[in-house]
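All remarks here apply to the structure that follows.
Taken together, the values in this text are just the output of simple stated rules run on the coordinates, not laboratory data. This one's a predicted model, so the numbers in the text were calculated from it and none came from an experiment. Don't worry about glycine lacking a Cβ; one is built from the backbone with ideal geometry, like all the others, and counts go over all protein chains shown.
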Amino acid sequence: MSILVVLEPSGDGLKRTSYEAITAAVSCAAGAPVQGIIFDATESQVSSASIYGLSSCMIVHGPEWNQLQSSFIASAVAEAATSIDVTTVIFAANAYGKSIAPRVAVRLSAGLITDCVELQNNAGTLAAVRPVYSGKARVSVHSVTAKTVVTLRPNVFTAKQTVATSLSTSAFTPSIASDVRTASVTGHIINEGTLDVSEADIIVSGGRGLKGPEHFHLVENLAKSLGAAVGASRAVVDAGWRPHREQVGQTGKTVSPTMYVACGISGAVQHLAGMSTSKIIVAVNKDKDAPIFTVADYGIVGDVFEVLPKLATAISTVTGK
Amino acid sequence: MNILVCISQVPDTTTKISVGPDGTTINSTGVKYILNPYDEFAIETGLRMKGQHGGTVTTITIGPETAKEVLRTALAMGSDTAVLVKDPSRSDSFVVASSIAEYAQESKPDLIVFGRQSIDFDSFQIPPMVAEMLGWPDIATVSSLNIDGTDVTAESDVEGGKLQMSASLPCVISAQKGLYDPRYPKLPDIMKAKSKPIEERALSTVSPRTAITAMSLPESKRLNTIVGDSDADINEIVRLLHEQAKVI
Ligand SMILES: Cc1cc2nc3c(=O)[nH]c(=O)nc-3n(C[C@H](O)[C@H](O)[C@H](O)COP(=O)(O)OP(=O)(O)OC[C@H]3O[C@@H](n4cnc5c(N)ncnc54)[C@H](O)[C@@H]3O)c2cc1C
Ligand SMILES: Nc1ncnc2c1ncn2[C@@H]1O[C@H](COP(=O)(O)O)[C@@H](O)[C@H]1O
């Protein structure tokens with residue numbers, strides 16, 4: 001199976017989701033080389049991917065390419081995919097991948113499968129599993145056309161280092177047709193000082209059980225002891241206690257952290273929709289019958305006002321934070 | 001400005017899901033269907049843009065006969081016309097997107113408004129697909145929007161913040177919660193909407209590009225270690241997180 005992975009630079013290397021996508025590609029490729037494409041990145045950023053098994057990478061140079069101009073990037077990715085004749089293109093299911101992958105699928109006449117949580121190579125055909133109906137069911141899907149474009153839910157595929165490959169890079173200059181119309185980025189508002197739930201490894205969320213915004217320091221302190229981001233249920237966002245960007249769930253963000261701690265959250269299905277693929281789920285709730293406990297790995301039946309400070313102290317002893 | 005709003009009908013999120021006899025779709029008996037919550041924001045956005053710039057709002061859905069219900073809601077909220085593209089089998093996103101793009105090629109709207117995602121398959125596929133089919137720009141997950149002449153400026157929610165984006169009409173946007181609060185239709189409007197005509201069209205003849213081979217209910221592999229709130233219990237959970245789960 002010949003696979004092209006669309007990568008994103010970050011810091012000295014790549015985004016974690018890019019390493020995850022490479023790992024998933026390597027395990028599906030059945031020995032075939034996995035190729036990458038990246039926009040406005042340096043060779044040294046790309047070279048960080050060799051330990052994950054990436055064989056080669058096309059780099060599209062130029063600062064104009066670091067902007068999310070989805071029509072241009074999609075056109076370039078489709079051109080690259082055609083030039084090296086791959087059957088499969090993989091993206092992360094983040095804002096970048098979600099905007100570009102559908103366009104690439106249209107350009108390549110490929111089947112599109114988004115938000116995958118499992119990928120398999122079934123005798124040369126890519127088969128994917130994805131959650132549907134807010135995680136209440138899962139479907140196995142495959143493309144019925146020759147090509148497939150997939151996006152992978154962040155944090156579900158664990159990036160694994162392999163034997164370092166000798167990664168070769170080459171410059172790729174796309175030929176964007178003059179009639180391609182795109183939306184362009186004119187500015188970026190960054191949520192200052194807060195770790196975003198969609199990028200956090202650990203999330204501590206608070207719900208209506210906290211009784212008021214003035215008690216959220218309990219959640220924040222626990223988050224601090226874990227180096228975690230703060231999340232919230234819709235009930236507390238709607239009440240104006242917390243900003244919408246912290247909302248986890250169907251109408252908020254879909255997250256899949258290594259650990260999700262739900263404090264005073266009942267576990268309504270729309271909340272579960274956003275966090276049920278978390279690796280470890282911890283719940284603190286005074287109602288032993290709260291639905292959140294049915295999805296919890298570890299649960300503490302108790303009052304958040306008493307439990308959270310004790311939990312933060314006990315965790316700090318272990319983490320030193 | 002002529003506006004096309006795309007909406008879908010989805011199972012109510014609290015509905016219990018079971019796998020139907022074919023093994024690939026849900027058992028629809030007893031399932032309550034609702035207007036996709038994000039599409040309420042889309043309808044409202046269409047109506048607001050009409051309010052600011054004049055023109056018409058047309059609402060379209062691709063679905064079975066019963067999907068007329070969501071079109072009636074859109075009509076009651078103030079949509080001028082409604083179109084049902086008949087699709088008894090709920091086709092894949094490519095067929096849905098093609099049907100919308102074909103309609104747009106004929107009706108030539110200036111703006112197509114979608115919801116951020118449909119909450120049945122949460123696929124985030126249709127808006128950029130339609131935009132690509134039409135050769136238009138699109139701005140996803142829009143939480144603030146301004147249109148001036150043919151200039152569109154919008155804020156798009158992304159991880160860790162918002163992007164300020166610009167594009168020109170004709171263009172596609174998808175509405176995020178917070179863009180505009182949907183209005184509640186008034187009773188007389190609900191009554192009037194019941195007798196308004198709904199245009200019916202045939203589904204695009206393109207073939208689907210994906211196939212579902214199996215549907216299953218997720219099995220819980222959770223540890224379910226539930227304890228009380230004594231100091232010993234709390235310390236034990238922290239020990240397990242450290243030594244068993246190895247997450248701290
Ligand atoms: C279309 C739609 C979309 C939605 N999208 C989302 C979404 O994206 N995200 C989301 O979260 N919700 C969403 N909801 C809302 C969801 O249905 C619930 O209403 C919401 O999640 C409840 O939030 P909560 O758990 O904080 O509050 P509640 O359900 O009120 O639960 C509070 C919990 O706190 C516990 N508690 C109270 N006091 C204490 C205490 N002192 N100590 C410990 N525990 C205590 C209670 O036992 C209870 O379990 C959506 C709903 C709809 C209809
Ligand atoms: N069957 C449909 N008919 C019309 N519009 C749809 C349909 N399905 C999805 N949409 C639109 O596309 C948006 C995104 O859906 P999706 O790409 O499926 O997550 C929805 O919010 C609707 O605006």
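Rounded to the nearest 5, what is the percent of antiparallel bridges among the DSSP beta bridges in chain B?
So the antiparallel bridges in chain B amount to around 40 percent.
Between B:K108 and A:A239, with labels modelled 7 Å along Cα→Cβ, what's the label distance in nm to one decimal, could you check?
Going from the B:K108 label point to the A:A239 one covers 5.3 nm.
Hull surface divided by four, with the convex hull built on the Cα atoms of the protein assembly as shown: how many nm²?
That works out to 25.6 nm², a quarter of the Cα hull's surface.
Report the label-to-label distance for B:V227 and B:N27 in nanometres (one decimal), using points 7 Å from each Cα along the Cα→Cβ vector.
Result: 3.9 nm between the two label points.
Please arrange B:K221, A:K136, B:K192, B:K186 by counting, for each residue, the other beta carbons lying within 10 Å of its beta carbon, fewest first.
Least to most surrounded, the residues fall as B:K221, B:K186, B:K192, A:K136.
Quick one: A:F172, B:F114, fewest Cβ neighbours within 10 Å first, how do they rank?
Ordered by Cβ neighbours within 10 Å, fewest first: A:F172, B:F114.
Spin-label point model (7 Å from Cα, Cβ direction): what's the A:D40 to A:N121 distance in nm?
3.4 nm
Can you compute the helix-only [θ] at 222 nm over the protein assembly as shown? Use -39500 (n - 2.57) per DSSP H run of at least 4 residues, normalise by all residues, nearest 500 deg cm²/dmol.
Here the helix-only value at 222 nm equals -8500 deg cm²/dmol.
Counting partner chain Cβ atoms within 10 Å of every residue's Cβ in A:246-259, what's the average?
Counting other chains' Cβ atoms within 10 Å and averaging over A:246-259 gives 2.
Let me know the volume per residue of the alpha-carbon convex hull for chain B, in Å³.
Considering the Cα atoms of chain B, their hull volume per residue is 188 Å³.
Which residue, A:S276, A:S48, A:S56, has the most motion in a Gaussian network model of chain A that connects Cα atoms within less than 10 Å?
Judging by the Gaussian network model, the answer is A:S48.
Which one of B:D189, B:D157, B:D231 has the biggest mean-square fluctuation once chain B is modelled by GNM with Cα springs under 10 Å?
Among B:D189, B:D157, B:D231, the largest mean-square fluctuation in the Gaussian network model of chain B belongs to B:D231.
Anything over 30 Å Cα to Cα? Flag those among A:K224/B:K162; A:K15/A:K224; B:K86/B:K108; A:K15/B:K16, in the order listed.
With Cα atoms farther than 30 Å apart: A:K15/B:K16.
Among bridges DSSP assigns within region A:1-62, what percent are antiparallel (round to 5)?
Bridges in region A:1-62 that DSSP calls antiparallel: roughly 15 percent.
Quick check on the exposure proxy: order A:H188, B:H242 from fewest to most C-beta atoms within 10 angstrom.
Ordered from fewest to most neighbouring Cβ atoms within 10 Å, A:H188, B:H242 come out as A:H188, B:H242.
Taking chain A as a Gaussian network, Cα atoms linked when under 10 Å apart, which of A:A283, A:A239, A:A74 shows the biggest mean-square fluctuation?
Answer for the Gaussian network model of chain A: A:A239.
For the protein assembly as shown, what proportion of DSSP beta bridges, expressed in % and rounded to the nearest 5, is antiparallel?
Bridges in the protein assembly as shown are about 35 percent antiparallel.
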